[in-house]
Amino acid sequence: MEIWDWGYAFEILPILARASIITVEATILGFALAATLGLLFAILRMSRSPWISVPTAGFVEFIRSTPLLIQIFFIFFVFPEFGVNLGAMTAGVLALGLHYGTYCSECYRAGLANIPRGQWEASTALNLSGFHTFRDVIIPQAIPPVIPALGNYFVALFKETPLLSAIAVLELMQTAKILGSENFRYTEPITLVGLFFLVFSLVSAAGIRRLEYYLSLRGGNA
Amino acid sequence: MTETNGAASMPMVRFDNVTKSYGALTVLDSLDLEVAAGEKVAIIGPSGSGKTTVLRMLMTLETINGGVIWVDGEPLTHMRSGDQMVPASASHLRRIRGKIGMVFQHFNLFPHMTALRNCMEAPITVLKLPKREAEARARDLLAMVGLAEKFNHYPSQLSGGQQQRVAFARALAMRPKVMLLDEVTSALDPELVGEVLNVIRKLGTEHNLTLLMVTHQMGFAKEFADRVCFFYGGKICEEGPPKQLFSAPQNERTRQFLSAVLEAT
């Protein structure tokens, strides 16, 4: 038997292409959740009330210090014990978003910490509410500098989506495993999946660099 | 004194036995200071004398450790709860703070907004002005400070003096009763100081504002202020009309300070 069977590779390619849509979906939804939760965690952690900042910090550290795979299992298999039944895709996206949300929150925290004190003081002097200070003054300045770091987490999250195969989400890896076991040939599906991840990662990284460049241009004016 | 007839005679700003300390370091020691409505007070003194702290406490950027600050007849740092005075709630602070505006040494403009937008942000979000009205007000004020050509410039595209004039327009857009000027010319190149001082002169004549300014511009203080307060070691060491304080200071420390400053210029 030859090592690489082109015929088989082309036969499974459309199936993998379809599965890749699920992978990309999980990535985008998971990252959208992570980016949102991360900002929320970062802001709550800055709260002057220890009743808010301390539990948030504890939760963030807890999620960051436990494996994503366990969190995926927990949400999918343990939540139903408490009456929360989530589909595999939903559970997976939630776990990815939560886990990477804690990483993103550290990025945002760095960005928020870099805002000069004068910006906060000017906001107070103009009597802006806390909400408007964050929305109009602080966040628009804090986010652009941390976009490269957030972009790295986007790629990292993407590369972790194969973990969703553990709860049978029909993403790329799970599809490749099924194809492999049906045909007793793993070389082609696993290699193709690896290639897909490589290409998507490189394209994303290039996209992030462009975005960075664009932001640096805008930063010159702002 | 009743609430109704008291307001006319009441000072616009009153510090009543105000103390501020950081740990063991006392920055302001039992400060009593009254500023009448429309009065222009210059605060001078060596660095570390607590003069900037006076403005920062009034802007609620610093909390106080003792005493009460009053603005326009109402307590700023405290509020009435029955017969007692309790520390002000966030909403009380916001309400009273609305009467005060501040211009900073380092401008603190919002770098991601144009000059116009800098002046519109707070009127829209805080005063809930319709956008058109806020924009008209911002245009008028920017024109008043001589920046009619610069509406759509970002702060980084403006000189220091221009940025500081935008900061004046931004603070004025909130229609404060009291304006606090914290060393507003100290960060400027010497040739840009004049244009900012001209804006302050305009404020004095065209707007009925109560002004408190911390300044190192002795010449300007002498010409412009109604009263000068010399701070030393967290206390008002000497105060009086500028002519008297500058030409015939009573206190030895004032004399030393003034001669040191005059030597430098």
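Readers should treat all values here as calculations from the given coordinates under stated rules, not as data from a laboratory. Worth saying up front: this structure is predicted, and the values here are computed from it rather than measured. Backbone-built Cβ (ideal geometry, glycine too); neighbour counts: all protein chains shown.
Once Rh for the protein assembly as shown is found with the Kirkwood sum over Cα pairs, what is the Stokes-Einstein diffusion coefficient at 20 °C and 1.002 mPa s, in µm²/s? D = 80 µm²/s.
Largest mean-square fluctuation among B:49, B:21, B:91, in a Gaussian network model of chain B whose springs join Cα atoms under 10 Å apart, belongs to B:91.
For the pair the stretch B:56-80 / the stretch B:249-265, the C-alpha centres are spaced 31 Å from each other.
Residues whose amide H comes within less than 5 Å of that of residue B:36, counting only those at least five positions distant or on another chain, are B:12 (H built at 1.01 Å from N in the peptide plane). Only the Cβ atoms of Lys and Arg (+1) and of Asp and Glu (-1) were treated as charged; on that basis the dipole of the protein assembly as shown about its Cα centre amounts to roughly 780 debye.
Of the residues A:99, A:22, B:146, the one whose Cα sits farthest towards the positive end of the charge dipole of the protein assembly as shown is B:146 (charges of +1 on Lys and Arg Cβ, -1 on Asp and Glu Cβ, taken about the Cα centre).
For chain A, the calculated P(r), taken from all Cα-Cα distances in 5 Å bins from zero up to the bin holding the longest distance, is 1, 7, 12, 14, 15, 14, 11, 9, 6, 5, 3, 1, 1, 0, 0, 0 percent.
Here the Karplus curve 6.51 cos²θ - 1.76 cosθ + 1.60, taken at θ = phi - 60°, turns the phi angles of the stretch A:152-167 into couplings of 4, 5, 4, 5, 5, 4, 4, 6, 9, 4, x, 4, 5, 5, 5, 10 Hz, with x standing for Gly and Pro.
Ordering A:68, A:111, B:43 by Cα displacement along the dipole of the protein assembly as shown toward the positive end leaves B:43 in first place; charges were set at the Cβ atoms of Lys, Arg (+1) and Asp, Glu (-1). Largest GNM mean-square fluctuation among B:99, B:222, B:128, using chain B with Cα springs under 10 Å: B:128. Here the alpha carbons of the stretch A:33-77 define both size measures, Rg and Dmax, at 12.0, 37 Å. Between residue B:30 and B:19, B:20, the built amide H atoms are under 5 Å apart, and every one of these is 5 or more places off in sequence or on another chain. Computed on the stretch B:189-265, with alpha-carbon pairs under 8 angstrom and 6+ residues apart, the relative contact order is 17 percent. An ellipsoid equivalent to chain B, defined through the eigenvalues of its Cα gyration tensor, has semi-axes of 29, 26, 16 Å when rounded to whole angstrom and sorted largest first.
Mean-square fluctuations from a GNM of chain B, with a 10 angstrom spring cutoff on Cα atoms, peak among B:157, B:217, B:105 at B:157.
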